[in-house]
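Nothing in this text is a laboratory measurement; each read-out follows from the coordinates by a stated rule. Small disclaimer: the values here were computed from a predicted structure and weren't measured. Note that we place each Cβ from the backbone using ideal geometry, even for glycine, and neighbour counts take in every protein chain shown.
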Amino acid sequence: MTTLKRQMIDWCGIQKLGWPNSDTTTERWEQPTILRSSGSREKGTFKEWHEPNLDPFPRRVKFRNHRNSHPVWPYAEVIAYFEAHGLKVNQDA
């Protein structure tokens, strides 16, 4: 009997592990910078700036160069991210 290590995980697999956020939020957390804003557009005090993302979620990988191709994430990096943030991982997934 051989033991296979999981290399990649897809979106359904991440949700089964217990990830509470949406796909859009996850994609924003993957970016190297975060767009911040403050102020009011009506009062003319609105401003935006970019800050570096100090703790990014692991980047997704697409195996085809098509916008609807299936995204996957490196399994070991996702598990390490979950453990570093105290998220309990379901072992059934």
Note to self, the chain gives a 222 nm [θ] from helices alone (DSSP H runs n ≥ 4, -39500 (n - 2.57) apiece, / all residues, nearest 500) of -7500 deg cm²/dmol
Lys and Arg at +1, Asp and Glu at -1: neighbours of Val72 with Cβ under 12 Å from its Cβ sum to +3
Answer check: the chain, Cα atoms, Kirkwood Rh, Rg/Rh ratio of 1.10
Magnitude of the Cβ-charge dipole (Lys and Arg +1, Asp and Glu -1) of the chain about the Cα centre, nearest 20 debye, reported as 260 debye
Scoring only Lys, Arg, Asp and Glu (+1, +1, -1, -1) among other residues with Cβ under 15 Å from the Cβ of His85 yields -3
The answer for chymotrypsin sites (Phe, Trp or Tyr not before Pro) in region 34-93 that fall in a DSSP coil and have at most 13 neighbouring Cβ atoms within 10 Å is Phe46, Phe63
With a Förster distance of 35 angstrom and the Cβ-Cβ distance between Val89 and His50, calculated FRET efficiency to the nearest 0.05 equals 0.65
Amide H proximity to Met8 below 5 Å, modelled H, separation 5+ or other chain, gives Tyr75
Listed by chain and number, the lysines with an alpha carbon less than 30 angstrom from that of Lys62, same-chain partners under 8 positions apart left out, are Lys5, Lys16, Lys88
Those GluC sites (Glu not before Pro) from region 5-43 that are DSSP loop and have at most 12 other Cβ neighbours within 10 Å turn out to be Glu42
For the chain, averaging the sequence separation of alpha carbon pairs under 8 Å that lie six or more residues apart and dividing by its residue count, the contact order in percent is 33 percent
Most exposed to least, judged by fewest other Cβ atoms within 10 Å, Glu77, Glu51 sort to Glu51, Glu77
